[in-house]
Each structure stands twice: as structure tokens, then as C-alpha cells.
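Just below is one structure, and these are the notes that go with it.
The values are calculated or read from the model by the stated rules, or taken from the named source; none is laboratory data. The shown structure was predicted, so the numbers you read here are calculated from the model rather than taken from an experiment. Neighbour counts are summed over all protein chains in view; Cβ atoms, including those assigned to glycine, are modelled from backbone coordinates with ideal geometry.
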Amino acid sequence: MFSGVAARIDDRFFMEIKPDKSAIGIGFGHQQGRKPDAAPNTPAWRVSAYDLEAIVCQRLAEMLSKHHVIADLLGAGTEPLKIEQATTSASLAAQTLRGGTAHKRLTLLAAIDIQITLKSDAVELLVMPAPLMKALRTEPDESLQNEPITLTCPATKVWRNRQLRLIIPGAVGSKMVPSQRDEKLVALVAEAYSARNLMLANPGLSIIAVAAKAGKCRTRLRKLLPIGCLAPDIVTAIIEGRQPTGLNSKSLLAVDLPHEWVNQRPALGFS
């Protein structure tokens with residue numbers, strides 16, 4: 001999925017990576033080379049692109065799951081609705097990075113401007129806010145921070161089967177909590193979010209008019225709109241499979257969902 005070059009310069013690694021759009025399916029490989037301004041005899045490391053993709057996706061997903069980070073990027077004075085849209089999109093993007101198909105991960109990563117530096121004990125990511133917000137379907141404005149986001153993930157270089165591998169300390173052998181992710185429930189939330197965007201894109205039109213214009217069922221559209229206004233932390237819990245027992249697509253469609261986020265949690269069984 002990634003293509004690029006990696007080189008060791010003194011005790012610092014540099015890698016310029018871009019998604020390999022020619023790759024079909026999961027076709028990972030190794031890349032080696034030297035930084036353009038490095039001395040000709042500088043030894044190059046051969047690094048697994050698979051390892052890099054795993055680290056990049058994990059660290060980006062962690063950041064996108066933190067709603068306060070997204071809100072801070074948008075800046076003070078941003079409308080609450082815009083913050084809600086961005087954080088919801090960020091939660092969906094994080095789930096794509098964690099468990100989406102190779103094609104979906106590639107599409108998302110291709111939209112984000114990332115510069116990766118490989119250090120002796122860590123991988124450093126520089127993410128530009130404007131492309132990130134566009135990838136989250138949030139139009140940036142003058143209040144958006146311009147400084148790049150720096151993300152660091154500790155990593156250890158080890159040789160395995162004559163290959164240099166990048167290992168995240170603590171990742172091997174760690175116990176994973178089984179996920180109770182309900183794919184139908186996640187799909188419903190995604191559909192509801194699309195329905196809300198459809199209404200926002202047609203201000204002044206009634207639900208009946210929007211449904212007719214888009215070729216949608218007006219009854220279905222009316223049921224989806226409240227779900228499209230779920231609290232961001234509820235959306236994140238559903239995406240990560242942490243929803244209460246008994247909450248599924250059928251029950252979510254049937255519940256009389258309160259407009260206030262603080263009242264949505266007890267109504268859906270969140271403590």
C-alpha cells in the first residue's frame with residue numbers, strides 16, 4: 001500500500017511515503033534508498049512497508065478518536081454543528097484505519113498529507129490540518145490551525161528472517177478485548193449521517209421534498225435524521241463495539257431519541 005524510500009542518516013531515519021495507487025489488494029513490499037542530500041556511501045535500511053502502514057494507521061486512528069483534538073484544530077468560534085460533523089467523521093475514519101478494507105484505508109490515507117520520519121526509536125508523523133479536514137469532509141476556514149500535527153509512536157528495529165522490522169513495544173502478545181461490533185448498527189449510523197448531510201445540503205426544503213429529490217423513502221429519512229444527531233461519544237462507542245447490550249439497529253430506529261446529548265445516553269442504555 002505504501003511506496004517510498006527509507007535511509008539511515010547518522011542515527012536518524014527519513015522516509016517520504018505516499019500510498020501506492022498501483023497496488024491491488026494487499027500488496028506490501030520493502031523499500032530502500034537514501035535521502036536526496038545524503039552522502040553516496042551512506043548505508044540504506046530496507047524497511048517493511050507493511051510495518052509502516054500498521055504504525056501509521058494505528059497512530060492516526062488514536063488521534064482521530066480524540067474529539068477534543070479535532071475540536072481544537074477547528075479553532076475557537078467554530079459552530080457546534082460543524083464540530084459535531086467533524087468528530088463524527090473522525091470516528092468513522094478511525095474505524096476505517098483500524099479495520100477497514102485495504103482499498104478503504106488506501107483511499108483515506110491518499111487524502112491525508114503525511115510526512116513520516118523514522119528515528120532510531122520512534123516513528124514521527126507530520127499531518128497537515130487542511131488536507132486532514134477535507135478528508136473528514138469538513139471544509140476548512142480561517143479559524144483552522146495551520147501548524148502541522150506531530151504524532152509520535154515508539155518503535156523498535158529488530159531483524160527477523162533477514163529483514164529489518166519495525167515493532168511497536170508492547171504490541172506483541174498483548175491481550176485484545178473482544179469486540180462486540182454490530183455491523184448493521186454501524187451501517188445504520190453511517191446511513192443516518194449521510195441522511196443528515198443530505199438535509200443540510202438542501203436548506204429550505206422539507207423532508208418530503210428532499211426525499212423526492214434524492215429518490216429516498218421519506219419515512220426512512222425521517223427516522224434516520226434523529227440518529228444522525230447522536231452524541232459523538234455514542235457514535236464512537238458504537239463504531240468500537242462498546243454499545244450497551246440490547247442496542248441494535250432495530251432498537252435504535254424504534255427509540256424516541258432525545259435531542260440533547262446528555263439525555264441520549266440514558267435513553268440508549270449508556271451509563
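Brief remarks follow.
- Any chance ASP10 is among the charged types (D, E, K, R), over 21 Å from LYS134 (Cα atoms) and either modelled with pLDDT under 80 or in contact with an Asp or Glu (Cβ under 9 Å, 6 or more places away or on another chain) (or both): yes
- Here the condition is being under 21 Å from ALA93 (Cα atoms) and either polar (S, T, N, Q) or assigned to a helix (DSSP H, G or I) (or both); of LEU221, LEU198, it holds for LEU198 alone.
- Residues in the stretch 244-271 that are at pLDDT 90 or above and among the polar types (S, T, N, Q): ASN248, SER249, SER251, ASN263, GLN264.
- Tally, over the stretch 226-250, of residues that are free of Cβ contacts under 8 Å to residues at least 40 places away in the same chain and either crowded, with 21+ Cβ neighbours inside 10 Å or at negative phi (or both): 9
- When residues in the stretch 72-106 are screened for being touching a residue at least 40 places away in the same chain (Cβ under 8 Å) and part of a loop (DSSP other than H, G, I, E, B), 4 of them pass.
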